[in-house]
1. So which residues in region 67-78 are surrounded by 15 or more Cβ atoms within 10 Å (Cβ to Cβ), over 13 Å from the mean Cα position of the chain (by Cα) and either among the charged types (D, E, K, R) or assigned to a helix (DSSP H, G or I) (or both)?
2. Quick one: in region 42-66, of everything that is in contact (Cβ under 8 Å) with a residue 60 or more places away in the chain and part of a loop (DSSP other than H, G, I, E, B), which residue is farthest from Ala124 (Cα to Cα)?
3. Restricting region 119-148 to residues that are polar (S, T, N, Q) and within 14 Å of the chain's Cα centre (by Cα), which is farthest from Gly50 (Cα to Cα)?
4. Can you tell me how many residues in region 20-41 are buried (at least 18 other Cβ atoms within 10 Å of the Cβ), part of a loop (DSSP other than H, G, I, E, B) and more than 14 Å from the chain's Cα centre (by Cα)?
5. What residue, among those in region 84-131 that are closer than 15 Å to Glu62 by Cα and charged (D, E, K, R), is surrounded by the fewest Cβ atoms within 10 Å (Cβ to Cβ)?
6. Right, Val81: within 12 Å of the chain's Cα centre (by Cα) and surrounded by fewer than 16 Cβ atoms within 10 Å (Cβ to Cβ) or not?
Amino acid sequence: MGCPPASTSKPGTPNRSGKKTWAVLPAESDAFPIAARAATERLRRARVRGMDEPEVSKVSLEVVQLSIECVERTPECYTRVGKSLVPPANELLFAEIDEGPKKQSIKVTVTLFDVDSQQRKKAAIKVFPTEEDVVWGVADVVAEATKP
C-alpha cells in the first residue's frame, strides 16, 4: 500500500464551505475485532459542533502511521497523520483499543485531536469487562470525547 500524497495545504486551512475539516479514522484491533467494528461504527456517526460531516478514512490510524513511518502515540505523530490525509484534516477522531488491566478486559480510548494546535482537544477512556460490553457501551465513550 503506497503512502498518501503529501499535502501542500497550510495547517488551519478551511475547506470549501469555510469550515475546518476533520477526519474519522477507523478503529483496528487484531485481538478485539468486534470491539474495533463497534467503535468504528460509532466514530462514523459522530459529529463535532461547528464542523461539517467528517471525512471518513478508508484506513486506520495504525495504517496511516505505518505509511508515514511515525508509529508512536504522540502529538507529533498524530499531527503528521492529520497533515498526511487527503484532504488534510484540522481535527482527527480515532479510537485506540488495548488490553485492559484485568484478564479479557478491553480499554477503549477515544480521542479528538486538534492537528493545528498539535494537542488532544478531548479524550475519553473506559475499560470494558468484555468485547460484548464494548458493543453496548462504546457510543457513550465517543459521545464523551466529542461533546462540546
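Bear in mind that the values in this text are calculations on the coordinates, not laboratory data. Small disclaimer: the values here were computed from a predicted structure and weren't measured. Heads up, the Cβs are rebuilt from the backbone with ideal geometry, glycines too, and the neighbour counts pull from every protein chain shown.
1. To start, the set of residues in region 67-78 that are surrounded by 15 or more Cβ atoms within 10 Å (Cβ to Cβ) comprises 67-68, 70, 75, 77-78.
Adding the requirement that they be over 13 Å from the mean Cα position of the chain (by Cα) leaves 67-68, 70.
Of everything in region 67-78, just one residue is surrounded by 15 or more Cβ atoms within 10 Å (Cβ to Cβ), over 13 Å from the mean Cα position of the chain (by Cα) and either among the charged types (D, E, K, R) or assigned to a helix (DSSP H, G or I) (or both), namely Ser67.
2. Only one residue tops the list, namely Arg49.
3. Narrowing region 119-148 to residues polar (S, T, N, Q): 119, 130, 146.
Remaining after also requiring within 14 Å of the chain's Cα centre (by Cα): 119, 146.
Working: Gln119: 18, Thr146: 12 Å.
Checking each candidate, the answer is Gln119.
4. 2
5. Filtering first and then ranking leaves Asp98.
6. Working: within 12 Å of the chain's Cα centre (by Cα): yes; surrounded by fewer than 16 Cβ atoms within 10 Å (Cβ to Cβ): no.
Considered against the rule, which asks whether it is within 12 Å of the chain's Cα centre (by Cα) and surrounded by fewer than 16 Cβ atoms within 10 Å (Cβ to Cβ), Val81 comes out as no.
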